Ligand code: IPE
Ligand code: IPE
Ligand code: MG
């Protein structure tokens, strides 16, 4: 039974933006040109998400592993990020979008850190639309950081080891206060999760599209959302139980 409508809409879509390098390579352009066009796709996707009615969007922009890329590419990406944040702050405020990051942003360049802080602070009061940028993010690093913070709380006596549960522990992840992704999209035809939100996507539906990230637009996002609408999420139950309305 598939009735189209708001119930079929994912509340939170997480996207692994991949394929900038190949997009540039196919055109004989430097990789950084692919990243530049990738920034345009971020803008397009953000607008499309609001038009479709997706309240939370998380974009994987830079992984903890990406530092190992050639120095010139890493520097170029940081420069692009700074340029993007400077330009976008006014748009977020205009559109009522709350901006947050997940990842070890304390290791980002000082200029970027300052802009991240400013952008998050200026939009912290918005509640309708949420944009989360994963920067210097890795799931394994996140779990290690959460375990350390949780252990410190146990030592300090604010948490009791005997009470530990997923509900308690997950509050120490970077994503505290953000609902789990319903839909995970990866562009460029790769079918892997590359250390992205491994725990939070425990029950996310996954859609892989061959579109390279710079070419990603509203039609691609809509197609992924439509595919999500055709899926049946069962959370370990039987199809019959789901049809009977069990949760
Ligand atoms: C994704 O595009 C952007 C980042 C990882 C920063 P890639 O740069 O990974 O593009 P491909 O995979 O080399 O085509
Ligand atoms: C994943 O893409 C990271 C981001 C999109 C930021 P990669 O291109 O780095 O992933 P792998 O290396 O192909 O798995
Ligand atoms: Mg890639």
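Some observations on this one:
- Qualifying residue in segment 87-97 (condition: within 16 Å of ligand 1 (Cβ to nearest atom) and more than 20 Å from residue 195 (Cα to Cα)): no
- Criterion (outside any helix (DSSP H, G or I) and either modelled with pLDDT of 95 or more or within 16 Å of ligand 1 (Cβ to nearest atom) (or both)) met by exactly one of 83, 62: 62
- Residue 17 in contact with a helix residue (DSSP H, G or I) (Cβ under 8 Å, 6 or more places away or on another chain), within 14 Å of ligand 3 (Cβ to nearest atom) and in contact (Cβ under 8 Å) with a residue 12 or more places away in the chain: yes
- Residues that are out of contact with any helix residue (DSSP H, G or I) (no Cβ under 7 Å at 6 or more places or on another chain), under 22 Å from residue 194 (Cβ atoms) and within 16 Å of ligand 3 (Cβ to nearest atom) do not occur anywhere in segment 4-13.
- Every test in (1) surrounded by 13 or more Cβ atoms within 10 Å (Cβ to Cβ); (2) under 18 Å from the mean Cα position of the chain (by Cα); (3) away from ligand 2 (no atom under 16 Å from the Cβ) is passed by residue 111 save one, and that test is (2).
- Matching option when the condition is surrounded by 13 or more Cβ atoms within 10 Å (Cβ to Cβ) and either touching a strand residue (DSSP E or B) at 6+ places or on another chain (Cβ under 9 Å) or more than 21 Å from residue 55 (Cα to Cα) (or both), among 148, 186: 186
- Scanning segment 163-178 for residues that are farther than 15 Å from residue 153 by Cα and either assigned to a loop (DSSP other than H, G, I, E, B) or in contact with a helix residue (DSSP H, G or I) (Cβ under 9 Å, 6 or more places away or on another chain) (or both) yields 174, 175, 176, 177, 178.
- Of the residues making up segment 87-107, at least one is in contact with a strand residue (DSSP E or B) (Cβ under 8 Å, 6 or more places away or on another chain), surrounded by fewer than 16 Cβ atoms within 10 Å (Cβ to Cβ) and assigned to a helix (DSSP H, G or I).
- If the condition is being touching a helix residue (DSSP H, G or I) at 6+ places or on another chain (Cβ under 9 Å) and surrounded by fewer than 20 Cβ atoms within 10 Å (Cβ to Cβ), then segment 130-145 contributes 140, 141, 145.
- You will find that of 153, 149, 204, the residue that is more than 16 Å from ligand 1 (Cβ to nearest atom) and either under 21 Å from the mean Cα position of the chain (by Cα) or on the phi > 0 side of the Ramachandran plot (or both) is 204 and no other.
- Scanning segment 189-209 for residues that are within 13 Å of ligand 3 (Cβ to nearest atom) and either surrounded by 21 or more Cβ atoms within 10 Å (Cβ to Cβ) or within 22 Å of residue 146 (Cα to Cα) (or both) turns up 193, 194, 195, 196.
- Whichever residue in segment 27-42 is surrounded by fewer than 16 Cβ atoms within 10 Å (Cβ to Cβ) and either assigned to a loop (DSSP other than H, G, I, E, B) or free of Cβ contacts under 8 Å to residues at least 24 places away in the same chain (or both) and, among such residues, is farthest from ligand 3 (Cβ to nearest atom): 28
- Filtered residue count, segment 62-82, keeping only those that are closer than 13 Å to residue 119 by Cβ and over 16 Å from the mean Cα position of the chain (by Cα): 1
- Whichever residue in segment 68-86 is touching a residue at least 24 places away in the same chain (Cβ under 8 Å) and within 16 Å of ligand 3 (Cβ to nearest atom) and, among such residues, is surrounded by the most Cβ atoms within 10 Å (Cβ to Cβ): 77
The values are calculated or read from the model by the stated rules, or taken from the named source; none is laboratory data. Source: prediction; values computed, not measured. So basically every Cβ, Gly included, is an ideal-geometry build from the backbone, and we count neighbours across all protein chains shown.
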